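Visitor: Sharing a structure with you now.
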Amino acid sequence: MAKITKQSENFSKWYTDVILEADLADYGPVKGTMVIKPYGYSLWGNVKRVLNNMIEETGHENAYFPLFIPKSFLEKEAKHVEGFAKECAVVTHSKLVSEDGILTVDPSSKLEEEIIVRPTSETIIWHMFKKWVTSYRDLPIKINQWANVVRWEMRTRLFLRTSEFLWQEGHTAHATKEEAIKETLMIVDMYKSLFEDHLAIPTMIGRKSNMERFAGADETYSIETMMRDKKALQAGTSHYLGTNFGTAFDVKFQSKENKEQPVFATSWGVSTRMIGALIMVHGDDKGLKIPPRIAPHQVVIIPINPKNEEKKKFDNYVDTVHSMLKESNIRCSIDSSNNSPGFKFNNWELKGAPLRIDVGLKEFKSGNVTVCRRDTGEKQEMPIKSLNTLTSTLEDIQKAMYDSANIFLEENTFELNDYNEFKKLLSKENCFIKAYWDGSDASELKVKEQTKATIRCILEDVNDPNLKCIFSGEPAKHLVVFAKAY
RNA sequence: CGGGGUGUAGCGUAGUCCGGUUAGCGCACCUGCUUUGGGAGCAGGGGGUCGGGAGUUCAAAUCUCUCCACCCCGACCA
């Protein structure tokens, strides 16, 4: 196994090395595509399970809508078209012909209306909602789907931006604006809990500016996270769509008072990009660090008995450790491969297993095990009787990982009022900068041009004539976070 | 689509300028033996349309032409 590049040497290279070496994923044959390998998929699966529970517990139902969308659907919402037109995969024909083993598109099979591979599903879902909604009794509709979507991006990176990715997309329809806004915010809280309580990733949450808002939304809330290179990653979004899609797809309902009324919408999603965030928030030069709650293996047991002494009894001892952990509902496995202990230690550190248990003859004879923490590197020998304390050790690790990420975020977030300092700081290092902004596209654009930093989100609105925009000096409307972003 | 670069075994590369043995090496892989508490050692072995095509030559990985693919920077995207 190759050694991975150090973070300080080349962070992007480190990121790619970790993914490939830890066996999370591999490149697909079509540019920008990715194969999620079993270890990566198991990680995704754990996150998915947690989030799916949250989604269902908050009253949403899973469903599945088609991958293919008629091109005309995308034309119906003006801003939505603008946002997605340039990155769509388009199906134009339905047949190939083979001549001497060479396949070419059969011109006679040209489709009358081209089909788009969904970049997101608002349009097809609202097409269906029109069929489903006629009365106030039909509302609200709260749908979620787990799906793949395709966005034909120019520059791709494993997990962060791939041509095809997996996600969940929630789509809801409501009778009132208030209810839709409440839903949008409730989802933001749900994501916050997913990130902070399960992925151990601290978040910065707020609305998007006009320029960064989702194509077709009235308001976009975003979950912003800080990677170890201090760049920002938008890790999830929740959109209040107003009546934009309801109007575009002519969805209306009759109220109790027999009045025709518009339908209000939300949509929200998180994707496999989250795995990218997880890697870049917690990882170190040894590799991944996976928070216990979502780790595929919370504990990995390494038996060390080179000469196979007392083989039967020794193996029994290892099995006992294994089953004791399983009884405590800990996800654990035994690495009984033929590799050397040193190889296994490094390998499981690379793969980010939170705890490792070494069982050698020494431990076997004394009725002990040696427990090693991935986050601190701390080793401790303990009697087998105490294995049940590992449940709380895992919780400690979970918390410690969040705390250390949170300290990192705080240490690299600055509040500034002076644009020269702002430019100076950003030219020196990446960081988050909290500052006041006048709310204009022009100021935001200029800042982006001059520093490459964008407004990640609006933290709060302000109304104090003494507060001035950091760029223009005009009266400030919002407190925002600026950062260079992925 | 502009500017630059690279194609040699699964991966990484030497050789290309200046044509000349059987295309070399590391990792990975296979077999065997010895090993195993922080990335094991030794021995043996398998694997190559040198990106494709055409040309020059007694002779091409090497020179010429051409096509293709990919990468980086920009543009685009977030």
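Visitor: Would you please name the residue that is most open to solvent (accessible area, probe 1.4 Å), looking only at residues in region A:292-312 that are free of Cβ contacts under 8 Å to residues at least 12 places away in the same chain and in a helix (DSSP H, G or I)?
Guide: Among those residues, the one meeting the criterion is A:LYS312.
Visitor: Moving on to the next point. For region A:165-173, indicate whether the set of residues that are under 30 Å from A:ASP284 (Cβ atoms), part of a helix (DSSP H, G or I) and open to solvent by less than 10 Å² (accessible area, probe 1.4 Å) is non-empty.
Guide: Checked region A:165-173: no residue is under 30 Å from A:ASP284 (Cβ atoms), part of a helix (DSSP H, G or I) and open to solvent by less than 10 Å² (accessible area, probe 1.4 Å).
Visitor: If a residue has to be more than 16 Å from RNA strand B (Cβ to nearest atom) and either of a type in the set (A, V, I, L, M, F, W, C) or not in a strand (DSSP E or B) (or both) to count, how many in region A:140-154 make the cut?
Guide: Summing the residues that are more than 16 Å from RNA strand B (Cβ to nearest atom) and either of a type in the set (A, V, I, L, M, F, W, C) or not in a strand (DSSP E or B) (or both) in region A:140-154 gives 5.
Visitor: State whether one or more residues within region A:328-338 are touching a Phe, Trp or Tyr at 6+ places or on another chain (Cβ under 8 Å) and of a type outside the set (Ser, Thr, Tyr).
Guide: Within region A:328-338 (the criterion being touching a Phe, Trp or Tyr at 6+ places or on another chain (Cβ under 8 Å) and of a type outside the set (Ser, Thr, Tyr)), the answer is yes, since at least one residue qualifies.
Visitor: Just to be sure I understand, how many residues within region A:202-225 are open to solvent by 50 Å² or more (accessible area, probe 1.4 Å) and among the acidic types (Asp, Glu)?
Guide: Summing the residues that are open to solvent by 50 Å² or more (accessible area, probe 1.4 Å) and among the acidic types (Asp, Glu) in region A:202-225 gives 2.
Visitor: Just one of (1) assigned to a helix (DSSP H, G or I); (2) open to solvent by less than 30 Å² (accessible area, probe 1.4 Å); (3) within 16 Å of RNA strand B (Cβ to nearest atom) trips up A:ARG456, so point out which.
Guide: It fails just one condition, (1).
Visitor: Is one or more of the residues making up region A:373-382 open to solvent by less than 60 Å² (accessible area, probe 1.4 Å), part of a helix (DSSP H, G or I) and not acidic (Asp, Glu)?
Guide: No, region A:373-382 contains no residue that is open to solvent by less than 60 Å² (accessible area, probe 1.4 Å), part of a helix (DSSP H, G or I) and not acidic (Asp, Glu).
Visitor: Now a separate question. Restricted to region A:340-352, and to residues that are under 21 Å from A:ASP17 (Cα atoms) and not aromatic (Phe, Trp, Tyr), which residue is most open to solvent (accessible area, probe 1.4 Å)?
Guide: A:ASN346
Visitor: Taking A:PHE129 and the conditions (1) in contact with a strand residue (DSSP E or B) (Cβ under 9 Å, 6 or more places away or on another chain); (2) open to solvent by 40 Å² or more (accessible area, probe 1.4 Å); (3) over 20 Å from A:PHE214 (Cα atoms), which numbered condition does it fall short on, given that it satisfies the others?
Guide: It fails just one condition, (2).
Visitor: One residue is enough: does region A:388-411 have a residue meeting the conditions outside any loop (DSSP other than H, G, I, E, B), open to solvent by less than 20 Å² (accessible area, probe 1.4 Å) and hydroxyl-bearing (Ser, Thr, Tyr)?
Guide: For region A:388-411, residues outside any loop (DSSP other than H, G, I, E, B), open to solvent by less than 20 Å² (accessible area, probe 1.4 Å) and hydroxyl-bearing (Ser, Thr, Tyr): absent.
Visitor: A follow-up question, please. Where the second residue is of a type in the set (Phe, Trp, Tyr) and outside any strand (DSSP E or B) and the first is closer than 19 Å to A:LYS142 by Cα and lies in region A:252-269, which pairs have Cβ atoms under 7 Å and are six or more apart or on separate chains?
Guide: A:PHE253/A:TYR136; A:GLN254/A:TYR136; A:SER255/A:TYR136; A:ALA265/A:PHE245
Visitor: Regarding region A:185-200, can at least one residue be identified that is closer than 22 Å to A:TYR240 by Cα, away from RNA strand B (no atom under 16 Å from the Cβ), charged (D, E, K, R) and out of contact with any helix residue (DSSP H, G or I) (no Cβ under 6 Å at 6 or more places or on another chain)?
Guide: yes
Visitor: Consider region A:226-238. How many of its residues are within 12 Å of RNA strand B (Cβ to nearest atom) and open to solvent by less than 10 Å² (accessible area, probe 1.4 Å)?
Guide: Qualifying residue count for the region: 4.
Visitor: Is it the case that A:ARG157 is within 16 Å of RNA strand B (Cβ to nearest atom), open to solvent by 40 Å² or more (accessible area, probe 1.4 Å) and basic (Lys, Arg)?
Guide: When the stated conditions are applied, A:ARG157 passes them.
Visitor: Looking at A:VAL35 and the list (1) open to solvent by 30 Å² or more (accessible area, probe 1.4 Å); (2) touching a residue at least 24 places away in the same chain (Cβ under 8 Å), which single condition is not satisfied?
Guide: Of (1) open to solvent by 30 Å² or more (accessible area, probe 1.4 Å); (2) touching a residue at least 24 places away in the same chain (Cβ under 8 Å), only one is false for A:VAL35: (2).
Rundown of residues vs (1) away from RNA strand B (no atom under 16 Å from the Cβ); (2) touching a residue at least 40 places away in the same chain (Cβ under 8 Å); (3) under 22 Å from A:VAL18 (Cβ atoms), yes/no style:
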{"position": "A:LEU325", "(1), (2), (3)": "yes, yes, no"}
{"position": "A:PRO354", "(1), (2), (3)": "no, yes, yes"}
{"position": "A:LEU361", "(1), (2), (3)": "no, yes, no"}
{"position": "A:VAL371", "(1), (2), (3)": "no, no, no"}
{"position": "A:THR376", "(1), (2), (3)": "no, no, yes"}
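Visitor: Filter region A:201-225 for residues that are away from RNA strand B (no atom under 15 Å from the Cβ) and not in a strand (DSSP E or B) and give the result.
Guide: Across region A:201-225, the qualifying residues are A:ILE201, A:PRO202, A:THR203, A:ASP218.
Visitor: Could you tell me which of the residues A:LYS477, A:LYS424, A:LYS428, A:LYS385 is away from RNA strand B (no atom under 16 Å from the Cβ), surrounded by fewer than 17 Cβ atoms within 10 Å (Cβ to Cβ) and modelled with pLDDT of 95 or more?
Guide: Result: A:LYS385 is the single residue among A:LYS477, A:LYS424, A:LYS428, A:LYS385 that is away from RNA strand B (no atom under 16 Å from the Cβ), surrounded by fewer than 17 Cβ atoms within 10 Å (Cβ to Cβ) and modelled with pLDDT of 95 or more.
Visitor: State whether the residues of region A:41-62 include one that is closer than 19 Å to A:MET154 by Cα and open to solvent by 70 Å² or more (accessible area, probe 1.4 Å).
Guide: Within region A:41-62, none of the residues are closer than 19 Å to A:MET154 by Cα and open to solvent by 70 Å² or more (accessible area, probe 1.4 Å).
Visitor: Then there is this: Have a look at A:SER472, A:SER392 and point out the one that is of a type in the set (Ser, Thr, Tyr) and closer than 20 Å to A:CYS332 by Cβ.
Guide: From the options A:SER472, A:SER392, the qualifying one is A:SER392.
Visitor: Please determine, by comparing only the residues of region A:313-336 that are closer than 12 Å to A:LEU390 by Cα and assigned to a loop (DSSP other than H, G, I, E, B), which one is least open to solvent (accessible area, probe 1.4 Å).
Guide: Among those residues, the one meeting the criterion is A:ILE330.
The rows are residues; the columns are (1) assigned by TED's automatic domain parsing to the domain that holds A:LEU43; (2) touching a strand residue (DSSP E or B) at 6+ places or on another chain (Cβ under 6 Å); (3) not charged (D, E, K, R).
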residue	(1), (2), (3)
A:ILE275	yes, no, yes
A:GLU309	no, no, no
A:VAL318	no, yes, yes
A:ASP335	no, yes, no
A:THR370	no, yes, yes
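Visitor: To continue, here is another question. If you go through region A:75-98 one residue at a time, do you hit one that is crowded, with 16+ Cβ neighbours inside 10 Å, touching a Ser or Thr at 6+ places or on another chain (Cβ under 6 Å) and not assigned by TED's automatic domain parsing to the domain that holds A:HIS297?
Guide: No - not one qualifying residue is present in region A:75-98.
The values are calculated or read from the model by the stated rules, or taken from the named source; none is laboratory data. Note that this is a predicted model, so its numbers are computed, not measured. Neighbour counts run over all protein chains shown; Cβ positions are idealised from the backbone, glycine included. For the accessible areas, the whole protein counts, side chains as well, though only heavy atoms, and no ligand, DNA or RNA atoms are used. Shrake-Rupley method; radii C 1.70, N 1.55, O 1.52, S 1.80 Å.
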